[in-house]
Amino acid sequence: MNKRLLLATLPFLLLPTGCGADDADPTSASERSAEPSSPPVGLAGHVVPADGLPGFTSDSETRRLSLASFAEEHDKTVAELRRSGMVAAASMVFEPSTKRQGFGLSVAAEFATEKQAEAEADRLFAANSEPEEGSTVAPLQVPAIPGAQAVTFTGSDGGLSFIGVEIVFTDGLVMHEIFAMGEAPVLDVADVMAAATALYERVAGRPLDDA
């Protein structure tokens, strides 16, 4: 069963209206500039944690991977990854909490430029947008994540009916992919969306710690 991805409708952004003098922020510019910025987060923090995908679990630890390690795990070559602009990656693999069949994956890949991260997100979409025989894809909106690309897919394989979700988004230099597939009782689309949203809210706009 191959992963599938279909471009989701981009969420509308609500722009704030102007405020009158009575509504002005009483905090002075100097006070605001003195406020601490969001602390940096390492690349491993851009991956869904082991207990962060309902219905699934993981006994592994998320860690930053070298290009060579990532290439070996994902059947790529280091040269391919370098051409794409990838600098490093981190991943977490999930299994169903029950004995039913399924699989989950969260990947974060750091790129040299934001444009390269966005290009990789688009590549995943282009590579997975066509359904294969026995499966059907449908666009999925993830309104809490600006610019998210997502799909649900359903079908059967080996006599088992399955449902899957893939969500891809970028934040700065990092491209994120959250994928889950399993028998319908294992997988709840809303749970996967919630896990992706929680991840986005945790990392959005924060500087990347390359240590």
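The values are calculated or read from the model by the stated rules, or taken from the named source; none is laboratory data. Predicted model only: the values in this text are computed from it and were never measured. When we count neighbours, we look across all protein chains shown, and the Cβ atoms used for this are built from the backbone with ideal geometry, even at glycine.
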Between E110, E95, E114, which is within 19 Å of P207 (Cβ to Cβ), surrounded by 14 or more Cβ atoms within 10 Å (Cβ to Cβ) and out of contact with any helix residue (DSSP H, G or I) (no Cβ under 9 Å at 6 or more places or on another chain)?
E114
Out of (1) touching a residue at least 60 places away in the same chain (Cβ under 8 Å); (2) under 19 Å from T62 (Cβ atoms), what's the single condition that is false for F169?
(1)
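Rundown of residues vs (1) in contact with a Cys (Cβ under 6 Å, 6 or more places away or on another chain); (2) modelled with pLDDT under 90; (3) under 29 Å from G205 (Cβ atoms), yes/no style:
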| site | (1), (2), (3) |
| --- | --- |
| S60 | no, yes, yes |
| A71 | no, no, no |
| D122 | no, no, yes |
| E133 | no, yes, no |
| P139 | no, no, yes |
Exactly one of R202, R123, R100 is of a type in the set (K, R), surrounded by fewer than 21 Cβ atoms within 10 Å (Cβ to Cβ) and assigned to a loop (DSSP other than H, G, I, E, B), and that residue is R100
Taking region 57-90 on its own, how many of its residues are among the aliphatic types (A, V, I, L, M) and either in a helix (DSSP H, G or I) or more than 20 Å from K115 (Cβ to Cβ) (or both)?
8
Out of everything in region 126-152 that is among the small types (G, A, S) and in a loop (DSSP other than H, G, I, E, B), what residue ends up being surrounded by the fewest Cβ atoms within 10 Å (Cβ to Cβ)?
G134
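Tell me whether region 153-168 contains one or more residues that are in a loop (DSSP other than H, G, I, E, B) and in contact with a helix residue (DSSP H, G or I) (Cβ under 7 Å, 6 or more places away or on another chain). Spell out the reasoning first.
First, pick out the residues of region 153-168 that are in a loop (DSSP other than H, G, I, E, B): 158-159.
Going one step further and asking which of them are in contact with a helix residue (DSSP H, G or I) (Cβ under 7 Å, 6 or more places away or on another chain), we end up with none.
Taking every residue of region 153-168 in turn, none turns out to be in a loop (DSSP other than H, G, I, E, B) and in contact with a helix residue (DSSP H, G or I) (Cβ under 7 Å, 6 or more places away or on another chain).
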